[in-house]
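Worksheet: one structure, shown below.
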Amino acid sequence: MNRWGLTIPLTGVPLLEHRALVEQLPDLGYTDAWTAETAGTDAFTPLVLASQWAPQLRLGTAIVPVYTRGPGLLAMSASTLAELAPGRFVLGIGASSPVIVEGWNGAEFKDPFARTRDTLHFLRGALAGEKVTESYETFSVNKFRLERAPDPAPSVMLAALRPGMLRLAAAEADGAITNWLAATDVPKIRKVIGPDVELAARIFVCPTEDKDAARALGRMMISSYLTVPVYAKFHDWLGRGDALAPMHTAWAAGDRKKANEVIPDSVVDSLVIHGSVDSCRDQIQSYVDNGLTTPIIALLPTGNDPFDLAKGLVPKR
């Protein structure tokens, strides 16, 4: 089953005002609502509200960092939401980035693959109601047991960008979540994880026919994200290393203005969907046609009513 998701909350819209939209999402054709967690809302609270506003929706975190909560607290947060949305909650976890983990949360960003793997193993036992006592490679847990273990336990998906983490997601989790990819990149990722594993991706969508404005916003976002080492390596693997090399050179020299300017239009247009609402919807569908299971639309601000834009991006029936 292909799904159709929306990232909440929308930029510039107060959280409680989302009720009017979220209640309509299932009837419009959306199957999912997903959150992110950087420096805005936390990943869980908007989904708590959505669980009561639209009980038909599947709800997911994309993603919760594995470093910024202790393992027990992460299990407790996931268990609480799984109780509110039984059978409809997906816990998406991942390593995040040094900026978020170290710069903003004072934790050590060390051994991201091992920490993600260990957290996944802990969560499997904890969310099943087991008492967990284990010395993992990156942390230890002693006699932890949830007092309110969810039934059923939520699915757990992993944020994954390159083959090692993608293979872990395919082998041991319930799916992979990726980010910052083009529709034409999906087959390369699908080749690593196989045909049957759920693959979700956040897709940045800017519904405007003002190409210059859309590309300006896209360039700013691309230079901010793809200069992060994990994303730089991801796009090297995807084959954009040469196209993005001038951006990396300018960024390393401290010239952010030039870093934006030297990103090719072709890269912006492949990574940030823009155009009319109908064109944007068709471009999202192209990800699905190339093998994506769950597009997670991240609606970028255009100055138009974001609720109207979200309603216009529903899949064709």
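Need pairs with beta-carbon distance below 6 Å; first residue closer than 19 Å to MET221 by Cβ and within segment 244-255, second open to solvent by 60 Å² or more (accessible area, probe 1.4 Å); sequence gap 6+ or separate chains.
Close Cβ pairs (under 6 Å, with a partner that is open to solvent by 60 Å² or more (accessible area, probe 1.4 Å)) amount to ALA250/LYS258.
Among the residues in segment 53-72, are any over 21 Å from ARG115 (Cβ atoms), in a helix (DSSP H, G or I) and polar (S, T, N, Q)?
No: segment 53-72 contains no residue that is over 21 Å from ARG115 (Cβ atoms), in a helix (DSSP H, G or I) and polar (S, T, N, Q).
I need a count of the residues in segment 270-285 that are surrounded by fewer than 16 Cβ atoms within 10 Å (Cβ to Cβ) and among the polar types (S, T, N, Q).
Qualifying residue count for the region: 2.
Report whether or not ALA78 is open to solvent by less than 20 Å² (accessible area, probe 1.4 Å), assigned to a loop (DSSP other than H, G, I, E, B) and not charged (D, E, K, R).
Here the answer is no, as ALA78 does not meet what is asked.
Among the residues of segment 34-69, which ones are among the hydroxyl-bearing types (Ser, Thr, Tyr) and open to solvent by less than 40 Å² (accessible area, probe 1.4 Å)?
Within segment 34-69, THR35, SER51, THR61, TYR67 qualify.
Go through segment 164-183 and give me each residue that's out of contact with any Leu (no Cβ under 6 Å at 6 or more places or on another chain), part of a helix (DSSP H, G or I) and under 16 Å from GLY291 (Cβ atoms).
The answer is LEU166, ALA170, ALA183.
Which of the residues belonging to segment 109-157 are under 18 Å from LEU81 (Cα atoms), open to solvent by 20 Å² or more (accessible area, probe 1.4 Å) and not in a loop (DSSP other than H, G, I, E, B)?
ARG124, SER155
As an exercise: evaluate THR227 against (1) of a type in the set (S, T, N, Q); (2) within 26 Å of ARG281 (Cα to Cα); (3) surrounded by fewer than 22 Cβ atoms within 10 Å (Cβ to Cβ) and give the number of the one condition it does not meet.
So the condition that THR227 fails would be (2).
For segment 196-208, state whether one or more residues are in a helix (DSSP H, G or I) and either within 23 Å of LEU6 (Cβ to Cβ) or out of contact with any strand residue (DSSP E or B) (no Cβ under 9 Å at 6 or more places or on another chain) (or both).
no
Give all pairs with beta carbons closer than 8 Å in which a residue from segment 294-317 that is more than 22 Å from THR61 (Cβ to Cβ) and touching a residue at least 40 places away in the same chain (Cβ under 8 Å) meets a residue that is open to solvent by 40 Å² or more (accessible area, probe 1.4 Å) and among the hydroxyl-bearing types (Ser, Thr, Tyr); count only pairs at least 6 apart in sequence or on separate chains.
Close Cβ pairs (under 8 Å, with a partner that is open to solvent by 40 Å² or more (accessible area, probe 1.4 Å) and among the hydroxyl-bearing types (Ser, Thr, Tyr)) amount to PRO301/THR11; LEU309/THR302.
Specify which of the listed residues (GLY87, GLY106) is open to solvent by 10 Å² or more (accessible area, probe 1.4 Å) and closer than 27 Å to LEU199 by Cα.
Checking each option against the conditions leaves just GLY87.
Quick grid of which residues meet (1) open to solvent by less than 40 Å² (accessible area, probe 1.4 Å); (2) of a type in the set (Gly, Ala, Ser); (3) within 26 Å of VAL101 (Cα to Cα):
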| residue | (1), (2), (3) |
| --- | --- |
| VAL262 | no, no, no |
| VAL268 | yes, no, no |
| LEU299 | yes, no, yes |
| ARG317 | no, no, no |
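Return only the number of the condition from (1) acidic (Asp, Glu); (2) over 17 Å from ILE177 (Cβ atoms); (3) open to solvent by less than 10 Å² (accessible area, probe 1.4 Å) that GLU17 does not satisfy.
So GLU17 meets the others, but not (3).
The values are calculated or read from the model by the stated rules, or taken from the named source; none is laboratory data. In this text the structure is predicted, and so the values were computed from the model without any measurement. Using ideal geometry, Cβ is built from the backbone for each residue, glycine included, and neighbour counts are taken over all protein chains shown. Note: accessible area is taken over every heavy atom of the protein model, side chains too, but ligands, DNA and RNA are not part of it. Shrake-Rupley method; radii C 1.70, N 1.55, O 1.52, S 1.80 Å.
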